[in-house]
Amino acid sequence: MAKRTIVSMPGDGIGRVVLEEAIRVLSSAGFDAEYIEGDIGWEFWRSEGNPLPQRTIDLIQKHKVALFGAITSKPKEEASQELDPKLRDTGLVYASPIVGLRQHFNLDICIRPCHTYTGNPLNFVRRGTGNEIEEPAVDVAIFRQNTEGLYGGVEWSNPPDQVYDALMTHPKFKTNFGATPREEVSVSTRIFTRKATERILFAAFEYARKYEYKSVTLCEKPNVIRETSGMMYRLAKEIQKKDFPEIQLWNTNIDAQMMWLTKNPEDYGVIVAGNMFGDIVSDGFAGLIGGLGFACSAQFNDEGVGVFEPTHGSAPKYADYPESIVNPIAMIESACMMLDFIDENEISDKIRKAVAKTISEGKVQTYDMKKMKGSVDALKNGAASTHQIADAIIGNL
């Protein structure tokens, strides 16, 4: 069998170190691959005016599968100021390269699993009947529509004539905003299409069936956002009734869901939502399993292109430490999702068992697992480095 080629995209900040450790774990587990580095991120924005160069898109188009570390994104004005002086005032506008990747390749299905590891000191606990301490097991897979909604990028400040005139045809816009000077108006759209909505719903139900979850929860806001959330809820009911009658369909509003996270997280199985609400609820559940150091994700299309990344950011304050202290488990788990995607399930299972054993033993813990403040002194105070916890995982393979 030919050696697999994987595009590795370190990105910014801590992205490089966690990606390097994940690749080391993959190799130690027996995954034989060639890694080709793709340029992406803040430095390429600053030097080239493009954080997602065409050469990187071409690499992914050719090799299909990519591991991604982390990205830095900054507000519009700050991004413009950090451009190379010769590129300033040339009309360049920063856009998130990972969002660009999702839209270019239509990586519309995003999965963010959140499950507790036995022995993780960061697991959520609560008080139960009789004031006893309970540690509910969380095993949730969040399906996030990845290309539409509020992340679609269709937005304006001081909207042009055609847009403003169209908005004024809506009675609520005219009543509530018609008296506001146009130059004081900013508009971001939330667009859902039937095709993309059906795809994310089918993916969620199929996952629930495959892994024997009893329910799929639609987490939106159809009582207020009646057109987009309303369409998603209507389609979910149709799909469940016709194709997945054995799986329960639950409907929760995003605000109520965030409240219920700490009341009964063990009751939820698969959750499906649009782009923004999926982002919010996945971070909420990540907090119950130890935080973003344990939060992995996969995003893919129906043509075999997949990008796998932790959901944490680039954490620039930690990027220049003499020895990295950050938790690489989210990146390692994302690499396991990549293995599942390319049908290397035996290797992914082996790595996950090694991660679980490392956590349950409790001998090697990063600063977050030790509930320390992230600082350059964390290693002196007994925390493991990024490299050391990867070593421990490799030792448990």
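Here, each number is a calculation from the coordinates, and none is a lab measurement. Treat the numbers as computed from the prediction; the structure is a model and nothing was measured. Please note: Cβ atoms are built from the backbone with ideal geometry, for glycine as well, and neighbour counts cover all protein chains shown.
Considering the chain as a Gaussian network with a 10 Å cut-off on Cα pairs, which listed residue, Y211, Y164, Y117, attains the greatest mean-square fluctuation?
Y164
Would you mind checking the stretch 211-226 for residues with the amide N under 14 Å from a putative spin-label position 7 Å along Cα→C-beta of N264?
215-217
Where is the GNM fluctuation largest for the chain (alpha-carbon springs, 10 angstrom cutoff): T217, T262, T90?
Looking only at T217, T262, T90, the biggest GNM fluctuation is shown by T90.
Using a simple spin-label model with points 7 Å from Cα along the Cα→Cβ vector, what separation in nm is obtained for D349 and D302?
3.0 nm
Hey, quick one: spin label on D320, modelled 7 Å out along Cα-Cβ, who in the stretch 355-392 has an amide N within reach, i.e. under 15 Å?
Flagged as within label range: 376.
Taking the Cα centre of each part, how many Å lie between the stretch 24-43 and the stretch 100-123?
The two parts, judged by their Cα centres, are 19 Å apart.
Using a Gaussian network for the chain with springs between C-alpha atoms less than 10 Å apart, which of these wobbles most: L92, L249, L261?
L92
Using a Förster radius of 41 Å, what is the FRET efficiency between N158 and R46 based on their Cβ-Cβ separation? Nearest 0.05, please.
0.90
Find how many whole Å separate the alpha carbon centroid of the stretch 171-222 from the alpha carbon centroid of the stretch 331-397.
The distance from the Cα centre of the stretch 331-397 to that of the stretch 171-222 comes to 35 Å.
Using DSSP, restrict attention to beta bridges with both residues in the chain and report what percent are antiparallel, rounded to the nearest 5.
Details: 21 of 46 bridges.
Around 45 percent antiparallel, to the nearest 5.
State, as an integer percentage, the relative contact order of the chain based on alpha-carbon contacts under 8 Å between residues 6 or more apart.
22 percent
How much length is gained if the chain between N251 and S360 is pulled fully straight, taking 0.36 nm per residue apart and subtracting their Cα-Cα distance, in nm to one decimal?
35.8 nm
Once you sort the root eigenvalues of the Cα gyration tensor of the chain as a ≥ b ≥ c, which label holds: rounded (a/c under 1.5), prolate (a/b larger than b/c) or oblate (the other case)?
Cα axes put the chain in the oblate bin.
What FRET efficiency do you get for I133 and N176 if R0 is 41 Å and r is their Cβ-Cβ distance, rounded to the nearest 0.05?
Efficiency computed from Cβ-Cβ geometry: 0.25.
Could you tell me the calculated FRET efficiency between E34 and Y211, based on Cβ-Cβ distance and R0 = 35 angstrom, to the nearest 0.05? Before the final figure, lay out each step's value.
Numbers: r = 31 Å, r/R0 = 0.90.
So the FRET efficiency works out to roughly 0.65.
Given a cut-off of 32 Å, name the pairs among K221/K373; K221/K242; K172/K195 whose C-alpha atoms lie farther apart than that in the structure shown.
K221/K373
Loop only by DSSP, 16 or fewer other Cβ within 10 Å of the Cβ. Give me the trypsin sites (Lys or Arg not before Pro) in the stretch 344-397 that pass, ordered by residue number.
K363, K370, K371, K373, K380
Roughly how many nanometres apart are two label points built 7 Å out from the Cα toward the Cβ at E227 and T193?
About 1.7 nm, to one decimal.
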